[in-house]
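The next block holds one structure in the form of structure tokens; read it before the comments.
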Amino acid sequence: NHALRLAAVGKEYLQGENRLTILDAAELTLAPGEMVALVAPSGAGKSTLLHIAGLLDRPDTGEVYVGGVASGTLGDEARTAMRRQAIGFVYQFHHLLPEFSALENVMLPQMIGGLDRKAASARAQELLDYMRIGARSEHRPAELSGGEQQRVAIARAVANSPHVLLADEPTGNLDPTTSGYVFDALTALVRQSGVAALIATHNHDLARRMDHAITLEAGKIVPLDMS
Ligand code: ADP
Ligand code: ADP
């Protein structure tokens, strides 16, 4: 019962005459509700890993299972549908739509997923409440602080109840105190919803607060001791 499983995943890039191996029979499993920190130096392949786990990119070899379903044999359209339904993304910069309110930003992915306006609105308000930003739901992103914007972005990412939440430096542009509070809210949401979270971060304090940390070494995904 894995939320996410990478099985013998390989990925290389051609750079001129050279083959650059980023992933080499890499293995990773995330259980529902688990939080894993991905800590690796720039250029190690974090983006590549997140893109493959998020079905944005295909591995050369191996298989990616989301919610127990293999993605490799799916065509582009089915993969896109699976990504929209089963994966949520959070980035360092929120990418909220500036002309829409916080509530509408969280409603949109649900309406694209076929939910009616009323149900999407109720769910969006509940998630914003849960992220402790419910009182600001009518505000546009520009009227919110950086921490508030990230809370909205996290609510939006889980709006469709994905199996997997992938985050790339989700608190990277926040000061340490705000970062800690936003991370607390994210943690509560992960534990409550059972989404599995893979969170790339350079922040060792946050990494220590997750269930465990991993890094990339010679194409393998290996445990990282944060103590
Ligand atoms: P990170 O996110 O850890 O900084 P990336 O996954 O972006 O690392 O990239 C890992 C390595 O693969 C880097 O050396 C990068 O230059 C190389 N790389 C990334 N994408 C491509 C590509 N499309 N073609 C060739 N090389 C690439
Ligand atoms: P309470 O102490 O009232 O349970 P919570 O902070 O646990 O307060 O939850 C606030 C609201 O958010 C509740 O309506 C709860 O049902 C809802 N909620 C909690 N977790 C989630 C979740 N993962 N997704 C959507 N709604 C949630």
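The values are calculated or read from the model by the stated rules, or taken from the named source; none is laboratory data. Everything numeric in this text was worked out from a predicted model, so none of it was measured. Neighbour counts run over all protein chains shown; Cβ positions are idealised from the backbone, glycine included. Note: accessible area is taken over every heavy atom of the protein model, side chains too, but ligands, DNA and RNA are not part of it. Shrake-Rupley method; radii C 1.70, N 1.55, O 1.52, S 1.80 Å.
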Requested in this report: Would you mind checking which residues have amide H under 5 Å from ALA40's amide H? H placed 1.01 Å from N; only 5 or more apart, or other chain.
Outcome: THR201
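So in the chain, what percent of DSSP beta bridges are antiparallel if you round to the nearest 5? Working shown, then result.
Numbers: 21 of 37 bridges.
For the chain, the DSSP antiparallel bridge percentage is about 55.
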Query raised in the report: What is the magnitude of the charge dipole of the chain about its Cα centre, with +1 placed on the Cβ of each Lys and Arg, -1 on the Cβ of each Asp and Glu, and no other charges, expressed in debye to the nearest 20?
Result: 420 debye
Query - Sequence-distant residues sharing a close amide H with GLN92 (under 5 Å, placed H) - result: ASP168
Requested in this report: Can you check what the net charge comes to around ALA40, using other residues whose Cβ is under 13 Å from the Cβ of ALA40 (Lys, Arg +1; Asp, Glu -1)?
Outcome: -1
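Under a Cβ-only charge scheme (Lys and Arg +1, Asp and Glu -1), can you give me the dipole magnitude of the range 121-227 about the Cα centre, in debye to the nearest 20?
Working: 10 positive and 13 negative charges, 50 e Å.
My answer is approximately 240 debye.
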Requested in this report: Measure out, as a whole number of angstrom, how far apart the alpha-carbon centroids of the range 1-73 and the range 140-205 sit.
Outcome: 21 Å
Query raised in the report: Once a ≥ b ≥ c are taken as the square roots of the eigenvalues of the Cα gyration tensor of the range 1-127, is the result rounded (a/c under 1.5), prolate (a/b larger than b/c) or oblate (a/b not larger than b/c)?
Result: prolate
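So, with a 1.4 angstrom probe, what is the percent of accessible area on the chain that is carbon and sulfur?
50 percent
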Query - Shape category assigned to the range 93-204 from the gyration tensor of Cα positions, a/c cut at 1.5 - result: oblate
**Report entry** Karplus (6.51, -1.76, 1.60) ³J(HN,Hα), θ = phi - 60°, over the range 99-109, in Hz, Gly and Pro reported as x
**Finding:** 8, 10, 6, 4, 4, 5, 4, 7, 6, 4, x
Report summary line: Sorted by chain and then number, the residues having a modelled amide H within less than 5 Å of the amide H of LEU4, at least 5 places away or on another chain, are LEU30, GLY67
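Restricting to DSSP H runs of at least four residues, report the calculated mean residue ellipticity at 222 nm for the chain, -39500 (n - 2.57) per run over all residues, nearest 500 deg cm²/dmol. Mind showing how you got there, number by number?
Details: 7 runs with 79 residues, N = 227.
Using -39500 (n - 2.57) per qualifying helix, the result is -10500 deg cm²/dmol.
With the Cα gyration tensor of the range 1-58 giving a ≥ b ≥ c as the square roots of its eigenvalues, does the rule (a/c under 1.5 for rounded; else a/b larger than b/c for prolate; else oblate) give rounded, prolate or oblate? Mind dumping the intermediate values first?
Details: a/c = 2.50, a/b = 1.86, b/c = 1.35.
It is prolate, given that a/c is not under 1.5 and a/b is the larger ratio.
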Report task. Answer with one residue from VAL182, ASN160, ALA37: the one whose Cα lies farthest towards the positive end of the charge dipole of the chain, charges on Cβ with Lys, Arg +1 and Asp, Glu -1. Result -> ASN160
Query - Table column - 3J(HN,Hα) (Hz), the range 19-27, Karplus curve with 6.51, -1.76, 1.60, x for Gly and Pro - result: 9, 9, 8, 9, 10, 9, 6, 6, 10
Report summary line: For the range 6-133, the dipole about the Cα centre with charges only on Cβ (Lys and Arg +1, Asp and Glu -1), to the nearest 20 debye, works out at 280 debye
**Report entry** Partner lysines for LYS220 [C-alpha distance under 21 Å; skip if fewer than 8 residues away on the same chain]
**Finding:** LYS11, LYS46
Report summary line: Cα gyration tensor of the chain diagonalised, 5x eigenvalues square-rooted, in angstrom largest first, produces semi-axes 29, 21, 15
